[in-house]
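Take a look at the structure set out below.
Nothing in this text is a laboratory measurement; each read-out follows from the coordinates by a stated rule. None of the values given here were measured: they were computed from a predicted structure. Ideal geometry is used to build each Cβ from the backbone, glycine not excepted, and the neighbour counts take in all protein chains shown.
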Amino acid sequence: MASAAAVPANVQRAPSELTRSWRRFKSNKLSVAGAVVLLLIALGAIVGPPLARHFLGLTPYDLSCTSFAPMSRDHPLGCDPLGRDLLARLLAGGRVSLIVGLSVAIGSTGIGLIIGAIAGYFGGPVDSMLMRFTDTMLALPTFFILLSAAAVLGPSLVNTVIIISVLEWTTTARLVRGEFLVIREKEFVTAARAVGLTNLRIVRHILLNVVPVLVVAGTLAVASGILVESALSFLGLGTQPPQASWGYMLSSVQNFVFTEPLLGVFPGLMIMITVLAVNFVGEGLRDALDPRLVKR
Amino acid sequence: MTGFLLRRFRQVVPQLLILFTISFAIIHLTPGTTGAVNPEAGVTQNLDALREQLGLDRPLPVKYVDWLWHAVQLDFGTSFDDGRPVIDKILERLPATLLLTGTALALSILISLVLAVMSSVYRNSLFDYAATVFSFFGLSIPAFWAAILAIIVFGVQLDLLPVQGMNSVDDDGAVDTLRHLILPAGVLALEGTAALTRYLRSSMIEVLHEDYVRTARAKGLSERTVVFSHAFRNALVSSVTILGLRLPILVGGAVLIETVFAWPGIGRLGFEAVSTRDYPVVMGLLVFTGIVTIIGNLLADITYSLVDPRVKLSG
């Protein structure tokens, strides 16, 4: 399979690292499937709400549907306890989940990168101080802190993202630090020092080598961001009504387990499928970008 | 060994200090007026009096030192809700949580051991594949949704098991508690089982490729002996630390599971306290669960160094 990809014009050239990574990623069927599913979900979240409004006349806030209406032509997935269309809310909820997942990934890997880079590059007392701090964060009952912080700061989408990011950077920091510790001993760093580059310039050189780790950690952060947001919203401390989110949609389900057992199927299913797809993609990326990385 | 223990113990002190500080900071460095949710707070005089009575009008450093001094003695003040000492409220809820999390932990260790050993021995078999898919699902399913599904399927549709609380109204026997325990513990064990299975499987596979395993096979030991007495024991050693790291996740999961199943443990207490802004209880629980996890990690590390003499703690 690998040889078929080579074109005559550059026969002698070895495939670039990126090409090889892409081939490794492609060879993992589950990861490719995950990527496809994610693309579909993203597409649904981006163009779904306007399409639903335009063609079916469905909005996530319109209360005109009958409560608990079953699936019908007008309302493909039926309606929620307040008479809002489930499909429209599901699509709108996808936006929230994806936005939170991506923002958390950016936020938490950002913090983790800064802390891990400082610790790994400078080493010594700075390193041990920062890592002690990181270890302590790992030992904290994070979810409970999340709850308290969300309640105290006031639940909102932005606060949710900030709080999750501030608490979820530890894995990235440890991975980045590990990479820095190895890379800073390499010849090119010594060479960079020898020609008198500033610390900042050298760090920039090392950073490029940390990108694979960041991508993998970021992907896993998307998954945990989506899961944590849904849990917070489920408890009423994340996304606030009337904003639709998958976790919040599930919070009312509890009251109707006897009468409407199917109400919670779709939001929960969407969370699980999305997180599953992200995890599969993360797994594939890890194998593709850095075969040395330890499995979780 | 003594050196290791001393160094390890010395880590606990800054860890605890960070924990205390974070817990304090969450409540006090954030905007929002304490007392504002009190129904009588409409009158400014009442609000001021209340804040003075609760000691909320003092300067921050004074509050911090005072709180720290009492918190290290596990004195977290009294609950805004019913005026009872926070530590009493925590301790009376603790057994329920210990029962739930303990059962869940034991369940996930047992199941993941079986799954991991089987899938590493029969690597790339259908079983291995199924176990991998299961663990991915376990990691991806929102625990609270799994809980709702369990309630709907086992509690409502099949009507097999109770889904609320720890005991029936008319029955507080051990069998009844056990029946109440099955669903919450099972759901709580799900995520842990998935994570542990993946971890154990990869460390088993690693160990099965070691030279001494080949030696053991070469000298004609049965596959059973090779897997269980040579490989398994060594794979187990490396997973002791991961158990320590799972404690905070277990506590977090307990908040959700206890809330959904109305299990009267500290997780539910935490959620109630957060909802009603009962700050002393929130801070007390933060510190209390934090201490428990820090000690748990300490014990895991010590166990690790006991079972694996090669281990040396760096830094």
### Query
Over segment A:139-296, with a single point scatterer placed on each C-alpha, what log10 of the ratio I(q)/I(0) does the Debye formula yield at q = 0.16, 0.17 1/Å?
-0.97, -1.03
### Query
Given the protein assembly as shown, what whole percent of its Cα pairs are spread farther than 36 Å?
43 percent
### Task
Would you work out which of A:Val126, B:Gly244, B:Leu105 lies farthest towards the positive end of the dipole of the protein assembly as shown? Charges go on Cβ: Lys and Arg +1, Asp and Glu -1.
A:Val126
### Lys, Arg +1 and Asp, Glu -1 on Cβ, resulting dipole of chain B about Cα centre, debye, nearest 20
1640 debye
### Query
Residue separation times 0.36 nm, minus the C-alpha to C-alpha distance between B:Arg233 and B:Arg214: what's the value?
5.3 nm
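I'd like the GluC sites (Glu not before Pro) in segment A:176-231 restricted to DSSP loop residues with at most 13 other Cβ atoms within 10 Å, sorted by number.
In loop regions of segment A:176-231 (DSSP not H, G, I, E or B), the sparsely surrounded GluC sites (Glu not before Pro) are A:Glu185.
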### Message
Need the full-extension length gain, B:Thr225 to B:Asp66, defined as separation in residues times 0.36 nm minus the C-alpha distance. One decimal, nm.
### Response
51.3 nm
### Query
What FRET efficiency do you get for A:Val166 and B:Val175 if R0 is 56 Å and r is their Cβ-Cβ distance, rounded to the nearest 0.05?
0.80
### Inter-chain shielding of B:258-269 (mean C-beta neighbours from other protein chains, 10 Å cut-off)
1
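Going by how many other beta carbons lie within 10 Å of each one, how would you line up B:Val121, B:Val156, fewest first?
With the fewest neighbours first, B:Val121, B:Val156 line up as B:Val156, B:Val121.
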### Query
Roughly how many nanometres apart are two label points built 7 Å out from the Cα toward the Cβ at A:Val36 and B:Ile182?
4.0 nm
## Note on the structure
Fewest to most Cβ atoms within 10 Å: B:His28, B:His70, B:His230, B:His180 sort as B:His70, B:His28, B:His230, B:His180
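Rounded to the nearest 500 deg cm²/dmol, what is the calculated helix-only ellipticity per residue at 222 nm for chain B, with -39500 (n - 2.57) per DSSP H run of length n ≥ 4?
-23500 deg cm²/dmol, from helical runs alone.
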## Note on the structure
In debye to the nearest 20, the charge dipole size for the protein assembly as shown, taken about the Cα centre with +1 at each Lys and Arg Cβ and -1 at each Asp and Glu Cβ, equals 2820 debye
### Task
Quantify how strongly other chains surround peptide B:133-141 by giving the mean number of their Cβ atoms within 10 Å of each of its Cβ atoms.
5
### Query
For the residue pair B:Val133 and A:Ile46, what label-to-label distance in nm results when each label sits 7 Å from Cα along the Cα-to-beta-carbon direction?
3.1 nm
### Theoretical FRET efficiency, 1/(1+(r/R0)^6), r = Cβ-Cβ of B:Ile249 and B:Ala106, R0 22 Å, to 0.05
0.90
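Relative contact order of segment A:200-271, please, whole-number percent, based on alpha carbon pairs below 8 angstrom and at least 6 residues apart.
Answer for segment A:200-271 is 21 percent.
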### Message
As a footprinting exposure proxy, order A:Thr274, A:Thr259, B:Thr241 by other Cβ within 10 Å, with the fewest listed first.
### Response
A:Thr259, B:Thr241, A:Thr274
### Task
Only Lys, Arg, Asp and Glu count, each charged at its Cβ (+1, +1, -1, -1), so figure out the dipole size of segment A:157-234 about its Cα centre, rounded to 20 debye.
360 debye
### Query
Applying 1/(1 + (r/R0)^6) with R0 = 30 Å to the Cβ-Cβ distance of A:Arg201 and B:Thr21, what FRET efficiency is obtained, to the nearest 0.05?
0.25
## Note on the structure
Label model pair A:Arg20, A:Phe122: point-to-point distance (7 angstrom along the Cα→beta-carbon line) in nm is 3.5 nm
